[in-house]
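The values are calculated or read from the model by the stated rules, or taken from the named source; none is laboratory data. On a predicted model such as this, the values are computed, not experimentally measured, just so you know. Positions of Cβ are generated from backbone atoms using ideal geometry, with glycine treated the same way; all protein chains shown enter the neighbour counts. Side chains are part of the model used for accessible areas, which takes the heavy atoms of the whole protein and leaves out ligands, DNA and RNA. Shrake-Rupley method; radii C 1.70, N 1.55, O 1.52, S 1.80 Å.
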Amino acid sequence: MMVVSPPIDLRRSFRQSSGEAYRLAARQHQLAEKERRERKEQMEGEAAEFMDFAMAMITIDEANEFRIELDTYDAATIAALQENERQLIHTREEMDRLLAKAHVLPDGRRVFKTDDGLRVFDEHGEELFGDVIAPGEIDDRRPRWEKFETQWQRLESLEHERTDILDYQQKLDDARERLDEGNLTRGEYEQLREGLKADMPGAVRAQIPDLARDHDAEAAPDSVTADIDLDISEDMMPSTAPTGPTPG
């Protein structure tokens, strides 16, 4: 005997399949909407980051202005080095002249006695005593220690000055290299400009009249003197009567 299966509820099956399709479509829509929002937020963030970056960069005009400043500082540095070299040559020549006229010890050292005639120093600044040479053994017509010492100290000062100028020249080269990279931020720009002005050696500053005048004006003491209340009694005041011998 043949068994017949019950009929399939097509409407219920259709409703189930339609519900699943709807839920799938809604899920896909939600994912697509979420992706769209995230993409929008990312683009807005990138745009804001780009704007922040653009605002942080210096302008072409500022870069050109900084380049002109560097050119000015370079020229002043070269002039300062040339002046330093001129003074070094002159100082060494003056020291050689004094050494040529100095008293010479048997071992070849040149020696000088002091202005008061009581002490003796050699050309290296070492004080010598009577077991080596007495001040009286040096002719008074020989150059004195104080004169040689002055030139020696000047030589050391000029050598230190030259080192400072060369160090500053390297700072200028580093700043120009950073500027040429083309991505100098405003913070770096301001820091470099202020630093180069603050670190500028006096010898370089002297070659730039405007900066030299500004520096002198800042360093000058206040021309207005404060009133000082002095507590001076009458017996401390000098007498106005003549101090010479009184007539008889």
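Computed quantities for the displayed model
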| quantity | calculated |
| --- | --- |
| Given (1) out of contact with any helix residue (DSSP H, G or I) (no Cβ under 9 Å at 6 or more places or on another chain); (2) in a helix (DSSP H, G or I), number of the condition R67 does not satisfy | (1) |
| Residue match in the stretch 79-100 (condition: open to solvent by less than 50 Å² (accessible area, probe 1.4 Å) and over 35 Å from the mean Cα position of the chain (by Cα)) | yes |
| When residues of the stretch 109-123 are limited to those that are open to solvent by 70 Å² or more (accessible area, probe 1.4 Å) and touching a residue at least 12 places away in the same chain (Cβ under 8 Å), the one farthest from the chain's Cα centre (by Cα) | L118 |
| Members of the stretch 155-203 found to be touching a Leu at 6+ places or on another chain (Cβ under 8 Å) and of a type in the set (S, T, N, Q), listed by number | Q169 |
| Residue match in the stretch 13-35 (condition: modelled with pLDDT of 75 or more, farther than 30 Å from R141 by Cα and open to solvent by less than 40 Å² (accessible area, probe 1.4 Å)) | no |
| Neighbours by Cβ (under 7 Å, 6+ apart or cross-chain): first from the stretch 181-208, in contact (Cβ under 8 Å) with a residue 12 or more places away in the chain; second among the β-branched types (V, I, T) and open to solvent by less than 40 Å² (accessible area, probe 1.4 Å) | L184/I58; R186/I58; Y189/I58; P201/I165; A203/I165; V204/T77; V204/I165 |
